[in-house]
Amino acid sequence: MVTHLIALAIPWGLVSLSGVMSPGPISALAVTEGARQGYRAGPLISIGHALIELMMVAALAFGLSQVLQQTTVAGIVGLLGAAVLAWMGLDMIRDAHRGRVSLDIEPEPAAELASAEPHRGLVTAGALLSVSNPFWLLWWATVGSANMLGFLEYGFIGLAVFYLSHVSLDFGWNSLLSVLGGSGRQVLNDRVFRGALTVCGAFLLVFAGYFAVTGIRFLVSP
């Protein structure tokens with residue numbers, strides 16, 4: 001069981017980077033509040049984000065698990081996940097190549113919550129920016145749920161590995177951004193950031209092909 005879970009967690013971690021590293025409101029908040037409040041901003045933002053994702057995982061697992069495990073539904077989810085991964089991968093590679101992505105990103109209005117009560121505000125802002133992001137909802141409904149299917153075979157332990165392997169990347173990335181925001185970005189520049197996004201986008205295209213093949217197999221299976 002342990003070996004199989006590790007085999008599931010490694011590709012899931014690589015796919016998770018698509019959501020974690022994509023520039024967006026959470027990343028913006030981590031950078032800007034890191035400059036204002038220091039390295040603590042990233043972990044605090046991640047706590048709010050992780051709480052919302054815990055509810056999403058619980059809803060998918062306990063409310064939709066039987067539906068997701070039907071071969072027809074699994075096939076459709078796999079194809080939708082493949083489409084989203086392919087779109088995200090191509091978009092990330094194109095934007096990185098054209099220089100459209102940067103660590104210099106503006107915060108969303110919800111960042112105002114973080115300035116009023118530093119600790120509680122950052123946790124709340126992380127939660128609000130998650131549920132208000134349509135990209136986040138689409139990602140979990142397709143890519144996240146498609147990857148969850150394999151972990152569901154191992155019950156609570158599988159779901160714990162699925163959830164923790166994802167949120168640990170959230171904590172690590174947001175913490176890094178907040179440190180960089182407070183240090184004047186002396187460690188990571190836009191060139192390195194775009195290179196990392198290009199590699200991540202290439203991984204997404206590989207996994208898109210895998211999910212497409214898997215989804216078709218589900219649909220044509222007797």
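Condition (residue is of a type in the set (S, T, N, Q), modelled with pLDDT under 90 and more than 14 Å from the chain's Cα centre (by Cα)) applied to the stretch 180-188: is it met by at least one residue?
Within the stretch 180-188, one or more residues are of a type in the set (S, T, N, Q), modelled with pLDDT under 90 and more than 14 Å from the chain's Cα centre (by Cα).
Restricting to the stretch 204-222, name every residue that is buried (at least 18 other Cβ atoms within 10 Å of the Cβ) and among the aromatic types (Phe, Trp, Tyr). Correct list: Phe207, Phe211, Phe218. Whenever a residue of the stretch 72-100 is under 16 Å from Trp12 (Cβ atoms) and in contact (Cβ under 8 Å) with a residue 40 or more places away in the chain, its partners that are part of a loop (DSSP other than H, G, I, E, B) and small (Gly, Ala, Ser), lying with C-beta atoms within less than 8 angstrom and at least six residues away or across chains, give the pairs Met88/Ser22.
Every condition in (1) more than 25 Å from Gly126 (Cβ to Cβ); (2) at pLDDT 85 or above; (3) of a type in the set (Gly, Ala, Ser) is met by Ser165 except one, and the failing one is (1).
What is the residue count in the stretch 34-56 for residues that are hydrophobic (A, V, I, L, M, F, W, C) and modelled with pLDDT under 90? Steps first, please.
Step one: filter the stretch 34-56 for residues hydrophobic (A, V, I, L, M, F, W, C), giving 35, 41, 44-45, 47, 50-52, 54-56.
Remaining after also requiring modelled with pLDDT under 90: 35, 41, 56.
So the count comes out to 3.
Taking first residues from the stretch 23-43 that are closer than 15 Å to Gly121 by Cβ and partners that are charged (D, E, K, R) and crowded, with 21+ Cβ neighbours inside 10 Å, the Cβ contacts under 6 Å between residues at least 6 apart in sequence or on separate chains come to Ala41/Glu33. Sort out which residues of the stretch 130-148 are surrounded by 21 or more Cβ atoms within 10 Å (Cβ to Cβ) and over 13 Å from the mean Cα position of the chain (by Cα), and write them in order of number. Result: Ala146, Met148.
Scanning the stretch 26-52 for residues that are touching a Phe, Trp or Tyr at 6+ places or on another chain (Cβ under 7 Å) and crowded, with 20+ Cβ neighbours inside 10 Å yields a count of 1.
The values are calculated or read from the model by the stated rules, or taken from the named source; none is laboratory data. From a predicted model like this one, the values you see are computed outputs, not experimental measurements. For neighbour counting, all protein chains shown are included, and Cβ atoms are generated from backbone atoms with ideal geometry for every residue, glycine included.
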